[in-house]
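> Provided herewith is a single structure, encoded as structure tokens, for subsequent inquiry.
The values are calculated or read from the model by the stated rules, or taken from the named source; none is laboratory data. These figures come from a predicted structure and were not determined experimentally. No Cβ is skipped: glycine too gets one built from the backbone with ideal geometry, and neighbour counts run over all protein chains shown. Each accessible area value is taken on the protein alone, full model and side chains, heavy atoms only, with ligands, DNA and RNA left out. Shrake-Rupley method; radii C 1.70, N 1.55, O 1.52, S 1.80 Å.
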Amino acid sequence: MGAAENGVREKRTAGDESRGLQAGASRRRRKNMGNKRREWKRRRKNRDGYRVTALVCLIAAALMVAAGGLWLAVNEKEAVFAVWAESDGGSGTDRGPEDGGGTEAAEEADGKGTADGQTMSGEENAEGAAGSQKVSGKADAEETVGGQKVSGEADAEKTVGGQKVSGEADAEGTLGGQKVTGGTETAGAPDGENGVKAQGSDPAKGATGTLNGGLPGNGETVGTANRSSEVMQMLGAQDSLLAQGQAFRAGRPKVKGIYVTGAMAGTANMDNLIDLVDRTELNALVIDVKNDEGYVVCDMDAPLVSEVGSVRRYVKDMLELIRKCKEKGIYLIARIVAFKDPVLAEAKPEWSLHNADGTIFRDKSGLAWVNPYEEQVWAYLLQVAQGAVVMGFDEIQFDYVRFSTDSGMKQVDFGPKAALRSREEAIEAFVAYASDALHQMGAAVSADVYGVVIDSRTDQQIVGQNYVNLAAHLDYLSPMVYPSHYGPYNYNIPIPDAQPYDTVLAAMQASRMVMAGIDPKQKSGNDPAGSGTGSAAGGKADSTGGAAAGDGVNSIEGVVSAEEANSAAGKISEGDETSGAGTVPENSVPAAPAIRSAAQIAALSPMDTVRASVRPWLQDFTATWVKGHIKYGPEQIRAQIQAVYDAGYEEWILWNASNRYTEGGLLPETQE
């Protein structure tokens, strides 16, 4: 038993030891597992910490890179601005000739009608207005005219934004790449001595930049480069619009120009026109960039232009043409036809004018127009204008910046936006929008208007062109004062086309007075028979003036048909081609005592709310469709130019749609 018990105990002891060993091993395993778990937790915590740290570092690095990029962008932009200011044309590589496409016809009708085998315009084919106010020049005594002080001599030089504004520049300087020449401007009847070519500007080069053409109020920065930061610095908010306009135009030449179609600009005949400018008093060219048919006449890097497909390459290498003109010191104005645009209207029917039944409105020529109330159209026009500035044009001129006057307009539904703005307000809003953006690029802006809107509220309301209100935003305003486009007895002149001097003088004197805030109080094509007080030009009033005037008054359709359908022109009266009764215009300026002296009118200063100078379009064609017309030659051309000067203005542009100009009516360059 003893031996057996001992054996049992030994077995129990061995078993206990075995279990003990197992328990110890189990405890050690659990301990090791705990240690491992703690290690894993520690490592995971460290790993998460590393990730957070790395993320913070990445964010910090990204912020640093962004800040650095912003700094570089700002400095690069400043560098681009400097290049523009130095070159007046921007920097970049000129495009070489491109293959494809034959040469287009050298003469472009532009839908203007025919005169002596020439196409003729009549449709606001006028350039910006620069009838600049005379600050210097001497008068024997000061006078008070209509409650306004008129003095031929500035009592003191005025400083605008740090720049002296006077009729005399004491020293030459540069502004926006243009040479500011010294010399005295004499108030009275300028003889053209101030129309010197703008020398000293570098050949135009393509400038890089983006064209965003943002909509009004979207907060985008429109424009790519400011050719003259000095100009923008001068335009302080404290200055009147008049002073701002004078400062902005200080470095620009007194324009004496001619119009050139896009088709002509793309041919070898363009060299002949450049030579004409070179050997005469001319110093500027108005070149189609977007023509009456809606086509952009050269390649243009603008998103909306590409989307619409509106390029027709009449000019294969616009940059080379600009360079050639700049070498001659020629001031370049890009003509952009605004709301008469069948290409855009067909490509974007939602932007076009529509009849009440929803169909696209087309005028008597079958052409569609775009809606001036549609802000997408504004953005498109701005992109085209920006593209022209980037290429090297000095100024943008908007033509057809108005509502159509076709009789079918009575059936047009302008959409809900028309309930918010009048026609005048819509056109002014577009002009303000485009001018603001283009001024940021250092470009001047002008617009063409009917001559009859100068002193007629009725006509202003029909086409949407308020003469004085538009002048608050533009640098130049260009009334189309072709004598052939005034009806019988406008300004008491029996046949205005037969008296070019009297007609242009009367129209420009009316402009001078309206801009000064004085009612011209003279008979216009919109006055009823027997009304009116005579011609400001001093033209003879017919003894039968009352009845004859009533018989001869034409409607706006007369004006338009003269421009677009080969008939006579007169007053504006939408959709009524035969109306002779007319309405008494509600002039937008207050009445004032009559002014009898032409010298007094020429010496009037514009109101402080007028930024624009006046630069009229003149007639260099024979209006064979006008009853009693005369042939226009050197004498008639010179008479119109002299009338502009005698009215106190200094700039003008000649229109001939076939680009055949009368050199005999121009002074040689040596006699400027």
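> In segment 301-319, which residues are assigned to a helix (DSSP H, G or I) and either farther than 14 Å from V377 by Cβ or basic (K, R) (or both)? Full working, then the answer.
First, pick out the residues of segment 301-319 that are assigned to a helix (DSSP H, G or I): 303-308, 318-319.
Residues satisfying the conditions are P303, S306, M318, L319.
> Follow-up. Could you grab me the full set of residues in segment 262-280 that are surrounded by fewer than 17 Cβ atoms within 10 Å (Cβ to Cβ) and touching a Phe, Trp or Tyr at 6+ places or on another chain (Cβ under 8 Å)?
Correct list: L276 only.
> Would you check which residues across segment 384-408 are assigned to a helix (DSSP H, G or I), closer than 19 Å to V337 by Cα and either at pLDDT below 95 or open to solvent by 10 Å² or more (accessible area, probe 1.4 Å) (or both) and list them?
V390, M391
> Among the residues of segment 437-457, is there at least one that is modelled with pLDDT under 95, surrounded by 22 or more Cβ atoms within 10 Å (Cβ to Cβ) and acidic (D, E)?
Yes: one or more hits.
> State all residues of segment 314-365 that are polar (S, T, N, Q) and over 22 Å from the mean Cα position of the chain (by Cα); if no residue qualifies, say none.
Once the filter is applied, which keeps residues that are polar (S, T, N, Q) and over 22 Å from the mean Cα position of the chain (by Cα), segment 314-365 yields N355, T359, S365.
> Taking segment 360-383 as the search range and keeping residues that are among the hydrophobic types (A, V, I, L, M, F, W, C) and not in a loop (DSSP other than H, G, I, E, B), which one is farthest from K254 (Cα to Cα)?
This residue is I360.
> OK, next. Which pairs do you get when a residue that is assigned to a helix (DSSP H, G or I), found in segment 440-469, comes within reach of a residue that is among the polar types (S, T, N, Q) and at pLDDT 95 or above, reach meaning Cβ atoms under 6 angstrom, with the pair 6+ apart or on two chains?
Filtered contacts from segment 440-469: V453/Q460; V453/Q465; Q460/N466.
> Could you tell me which numbered condition I427 fails, if it satisfies all but one of (1) within 27 Å of S484 (Cα to Cα); (2) open to solvent by 20 Å² or more (accessible area, probe 1.4 Å); (3) of a type outside the set (D, E, K, R)?
(2)
> Step by step: first the residues of segment 346-359, then only those that are within 14 Å of G415 (Cβ to Cβ) and assigned to a helix (DSSP H, G or I), then the one that is least open to solvent (accessible area, probe 1.4 Å). Which residue is that?
W351
> Kindly evaluate T609 against the criterion of being surrounded by fewer than 19 Cβ atoms within 10 Å (Cβ to Cβ) and within 30 Å of A243 (Cβ to Cβ).
Values: surrounded by fewer than 19 Cβ atoms within 10 Å (Cβ to Cβ): yes; within 30 Å of A243 (Cβ to Cβ): yes.
Yes, satisfied.
> Can you pull out the residues in segment 320-342 that are aromatic (F, W, Y) and outside any loop (DSSP other than H, G, I, E, B)?
Let us first name the residues in segment 320-342 that are aromatic (F, W, Y), namely 331, 339.
Answer for segment 320-342, where residues must be aromatic (F, W, Y) and outside any loop (DSSP other than H, G, I, E, B): just Y331.
> Continuing with the same structure: Select from segment 501-511 the residues that are open to solvent by less than 10 Å² (accessible area, probe 1.4 Å) and of a type outside the set (A, V, I, L, M, F, W, C) and write down the one among them that is nearest to P483 (Cα to Cα).
Top of the filtered list is T503.
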